[in-house]
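Here is the structure we will look at, set down as structure tokens.
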Amino acid sequence: MSTMSEYLESLRGKSVAVIGMGVSNTPLIRALLRADLKVTVCDKSPRERVEEQAAELESLGAKLRLGPDYLAKIHRFDVIFRTPGLSPNTPELQKAMEGGSVLTSEMELFFRLCPCKIIGVTGSDGKTTTTTLISEFLKEAGLNVYLGGNIGKPLLPDVDGMTAEDVAVVELSSFQLMTMDRSPNVAVFTNLSPNHLDYHHTMEEYTSAKLNIFCHQRPEDRAVFNYDNDITRSLAKAAVGRVMQFSRKQKLEEGVYLRDGAIWLTNGMGSREVLPLADIQIPGVHNIENYMAAIAAVDGIVPDRCVRAVAQRFTGVEHRIELVRELDGVQYYNDSIGTSPTRTMACLDSFEQKLILIAGGYDKGVPFTQLGMAVTEKVKVLILTGDTAPAIKKAVEEAEGYAGSGLRLIETEDLAAAVAAARDAAERGDVVVLSPACAAFDRFKNFMERGKVFKQLVNEL
């Protein structure tokens, strides 16, 4: 099947369930209903929380199963579209597959139908910035680009309008990759560290999910790996496609690396300087790595001049070390994307001075030991809030060097109190950063909402 309409026709006469009424699935649900298919939407939210959306879908012909028992009869459906947030290992889904149900997802269907080259990006950190950079490079080169996936926009509704000359650039989470049986033409693996262990339960399962970004490639495809990350460097040996690695720490015989204040690339055609570091407008060594990964992904597709043009104007993605304002000589930064300890540690490394850090949030089961050590070295005032505040505090207090660090610890009830505490603690020349090292689900819908609330609170000071 090569088109969305042909796929929809193949579902005629079958019972279809879509789990989840979120951003990625809503356009899918509408497409299924427009094709006059029998569709049941299952969501754990109670009716009162999704009343407006529920009424709209019912008016279009959908049946709804809402609330805690939303999966009770899922095994009765022929085709089940899974929301990324629901593990395929969920017992109800396992029972359905054992009974013959086909389990798929919006992203899997997109990969099945997409007519153009796909560049996919995954990793524990740096996915969104790297994905955005690749998209900007391609657009600067004059290509027609579709940007989406985990970055926030489902691409399935656009698939029938795509041509073979276009390029789709998709950010892929471990949740989306877990059941994928296809890989992108260019697969980028930014790094890998413990994350989402509340969902995957083990590091092995988390790593296994990520492998799907490259393990279904063909020999003519490309796989990009972070040489400086022990796990991704070892995984590169299993790649089917042509491997290109990037390293901030050493020169590579083939790949992308740093030399004389610039990013260089060596391939079968020789070595060349691609991008002076002085052209990069966003702070942090982790963003240098993001540029290196993106450059490796587009080598041979985008001229170097386009890379430099983007670097000179690109000031970053919202919620990623985003300068909110300067007040009384104090700078306030929003790094709400810091949903893991490694992301927050990268944020701390982006500044030369000690910071006032606001941290804490939803517990993903990730240890804070390494974060505790980084905080004692690079933070002058740590303001904690959210469910993980006690765990982070314990990790900091147990870190080597804490006793003589002079670090001040403050615990607050919520983000508003944390911002107020930061204002009280800050002196002229200080930098205040929200980089929670945790997801936002304890208090907010997602990290975007948390970041927007933080910016509002800071702008109201």
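The values are calculated or read from the model by the stated rules, or taken from the named source; none is laboratory data. Everything numeric in this text was worked out from a predicted model, so none of it was measured. A quick note on method: Cβ atoms are made from the backbone with ideal geometry, for glycine too, and the neighbour counts reach across all protein chains shown. The accessibility values were calculated without ligands, DNA or RNA, using every heavy atom of the protein model including side chains. Shrake-Rupley method; radii C 1.70, N 1.55, O 1.52, S 1.80 Å.
Below, the figures for the structure above:
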quantity	calculated
Those residues of segment 300-336 which are open to solvent by 20 Å² or more (accessible area, probe 1.4 Å), within 30 Å of MET269 (Cα to Cα) and not in a loop (DSSP other than H, G, I, E, B), in sequence order	ASP304, ARG305, ARG308, ALA309, GLN312, ARG313
Residue, surrounded by the most Cβ atoms within 10 Å (Cβ to Cβ), within segment 245-264, restricted to residues that are out of contact with any Asp or Glu (no Cβ under 6 Å at 6 or more places or on another chain) and of a type in the set (A, V, I, L, M)	VAL256
Single unsatisfied condition, ALA297 versus (1) open to solvent by less than 50 Å² (accessible area, probe 1.4 Å); (2) touching a strand residue (DSSP E or B) at 6+ places or on another chain (Cβ under 7 Å); (3) part of a loop (DSSP other than H, G, I, E, B)	(3)
Count of residues meeting criterion [modelled with pLDDT of 95 or more, in a loop (DSSP other than H, G, I, E, B) and acidic (Asp, Glu)] in segment 388-402	1
Filtered residue count, segment 409-442, keeping only those that are over 21 Å from ASP125 (Cβ atoms) and out of contact with any helix residue (DSSP H, G or I) (no Cβ under 7 Å at 6 or more places or on another chain)	15
Residue within segment 370-389 that is touching a His at 6+ places or on another chain (Cβ under 7 Å) and closer than 15 Å to PHE454 by Cα present	no
Counted residues, segment 46-94 - those being of a type in the set (Asp, Glu), part of a loop (DSSP other than H, G, I, E, B) and surrounded by 12 or more Cβ atoms within 10 Å (Cβ to Cβ)	1
Among the residues listed as GLU51, GLU136, GLU58, GLU98, the single one being more than 29 Å from GLU9 (Cβ to Cβ) and over 28 Å from the mean Cα position of the chain (by Cα)	GLU51
Given (1) part of a loop (DSSP other than H, G, I, E, B); (2) touching a strand residue (DSSP E or B) at 6+ places or on another chain (Cβ under 6 Å), index of the condition GLU220 fails	(2)
Failed condition for ASP158, given (1) touching a Ser or Thr at 6+ places or on another chain (Cβ under 7 Å); (2) modelled with pLDDT under 95	(1)
Index of the failed condition, GLY148 passing every other in (1) surrounded by 21 or more Cβ atoms within 10 Å (Cβ to Cβ); (2) in contact with a helix residue (DSSP H, G or I) (Cβ under 7 Å, 6 or more places away or on another chain); (3) not basic (Lys, Arg)	(2)
Odd one out for GLU273, checked against (1) buried (at least 17 other Cβ atoms within 10 Å of the Cβ); (2) in contact with a Phe, Trp or Tyr (Cβ under 7 Å, 6 or more places away or on another chain); (3) farther than 21 Å from VAL121 by Cα	(1)
Residue pairs meeting the criteria (Cβ under 9 Å; at least 6 apart or on separate chains; first farther than 23 Å from PRO27 by Cβ, in segment 76-101; second small (Gly, Ala, Ser) and not in a helix (DSSP H, G or I))	ARG76/SER15; ARG76/ALA17; ARG76/GLY99; ARG76/SER101; GLU92/ALA72; LYS95/SER101; ALA96/ALA17
Flag for LEU103 being in a strand (DSSP E or B) and of a type in the set (A, V, I, L, M)	yes
Within segment 415-456, tally of residues that are open to solvent by 40 Å² or more (accessible area, probe 1.4 Å) and more than 25 Å from VAL23 (Cα to Cα)	7
Residues that are assigned to a helix (DSSP H, G or I) and either small (Gly, Ala, Ser) or farther than 25 Å from ASN150 by Cβ (or both), drawn from segment 1-33	SER5, GLU6, GLU9, SER10, ALA31
Residues within segment 152-181 that are within 16 Å of HIS216 (Cβ to Cβ) and surrounded by fewer than 17 Cβ atoms within 10 Å (Cβ to Cβ), tallied	1
Of all residues in segment 347-368 being open to solvent by 40 Å² or more (accessible area, probe 1.4 Å) and either at pLDDT 95 or above or part of a strand (DSSP E or B) (or both), the one that is farthest from SER193 (Cα to Cα)	LYS354
Within segment 120-145, tally of residues that are surrounded by fewer than 22 Cβ atoms within 10 Å (Cβ to Cβ) and touching a strand residue (DSSP E or B) at 6+ places or on another chain (Cβ under 8 Å)	5
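Residues checked against (1) modelled with pLDDT under 90; (2) closer than 25 Å to VAL310 by Cβ:
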| position | (1), (2) |
| --- | --- |
| VAL79 | no, no |
| PRO84 | yes, no |
| PRO88 | yes, no |
| GLU98 | no, no |
| SER101 | no, no |
| VAL121 | no, yes |
| THR131 | no, yes |
